[in-house]
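The values are calculated or read from the model by the stated rules, or taken from the named source; none is laboratory data. Small disclaimer: the values here were computed from a predicted structure and weren't measured. Glycine gets a Cβ as well: all are built from the backbone with ideal geometry, and neighbour counts include every protein chain shown.
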Amino acid sequence: MAKTDLPIIEQRRIEANIIKPIYEEMKTELGEEVAKRVLGNAVVKAAIEAGKAYAAERKDGKTDLKAFHSLLPQWTHGGALEIEMVEESDEALSYNVVRCRYAEMYREMGLAEIGHLLSCGRDGTFCKGFNPEIGFERTQTIMQGASHCDFRYTLPDKSAE
């Protein structure tokens, strides 16, 4: 996966403009359920590969939560996400997204029905590509109508073993 200097939100806008007519055609040919499943699966696979690419680019070779957290500014650039930090340690990275301009952008583009597939679906799988031991839990998203997104990443403490 080629890395670019474009902010992630701009990358997602470009991708969405390309995906929108393809998704509409898939809905016509395959039905909405299959079109969403195919799109979701493709985005998940792309996210895993992107996570692997980001990990491979690290000069220090570290893929712990601190290294993972250092990537966050790429997603928040220009206020794309407004975040309230809950916990930041070697074993846990927890925050709430209280404003998501990705969700706003997809709604404006007429893609609210698949915005969660285009962006939210990447969150738990990107980290698996970056480091398969990172755990991820989220119970709600702004994209799907909640007041905030609750991101909870964990990494087991290997020193205790």
**OP:** Tell me, please, whether a residue that is without any contact (Cβ under 8 Å) to a residue 12 or more places away in the chain, part of a loop (DSSP other than H, G, I, E, B) and among the charged types (D, E, K, R) can be found in the stretch 45-59.
**Re:** yes
Subject >> Answer residue from the stretch 122-138, given it is surrounded by fewer than 22 Cβ atoms within 10 Å (Cβ to Cβ) and small (G, A, S) and is modelled with the lowest pLDDT among those >> reply: G124
Subject >> Any pair with Cβ under 8 angstrom, 6 or more apart, that starts in the stretch 73-99 at a residue that is under 16 Å from S147 (Cβ atoms) and ends at one that is of a type in the set (A, V, I, L, M, F, W, C) and surrounded by fewer than 16 Cβ atoms within 10 Å (Cβ to Cβ) >> reply: E82/V98; I83/L72; I83/V98; E84/V98; Y95/M85; Y95/V86; N96/V86
**OP:** Of the conditions (1) farther than 24 Å from P156 by Cβ; (2) outside any helix (DSSP H, G or I); (3) of a type outside the set (D, E); (4) touching a residue at least 40 places away in the same chain (Cβ under 8 Å), T63 clears all except one; give me its number.
**Re:** (1)
Subject >> Any chance A55 is farther than 16 Å from F136 by Cα, out of contact with any helix residue (DSSP H, G or I) (no Cβ under 6 Å at 6 or more places or on another chain) and not basic (K, R) >> reply: no
Subject >> Residues of the stretch 1-42 that turn out to be within 16 Å of the chain's Cα centre (by Cα) and touching a residue at least 60 places away in the same chain (Cβ under 8 Å), as a count >> reply: 9
Original post:
Can you tell me which residues in the stretch 74-114 are out of contact with any strand residue (DSSP E or B) (no Cβ under 8 Å at 6 or more places or on another chain), under 21 Å from R152 (Cβ atoms) and at pLDDT below 95?
Top reply: Q74, S89, D90
Original post:
Scanning the stretch 23-51 for residues that are among the β-branched types (V, I, T) and surrounded by 13 or more Cβ atoms within 10 Å (Cβ to Cβ), which turns out nearest to G115 (Cα to Cα)?
Top reply: V43
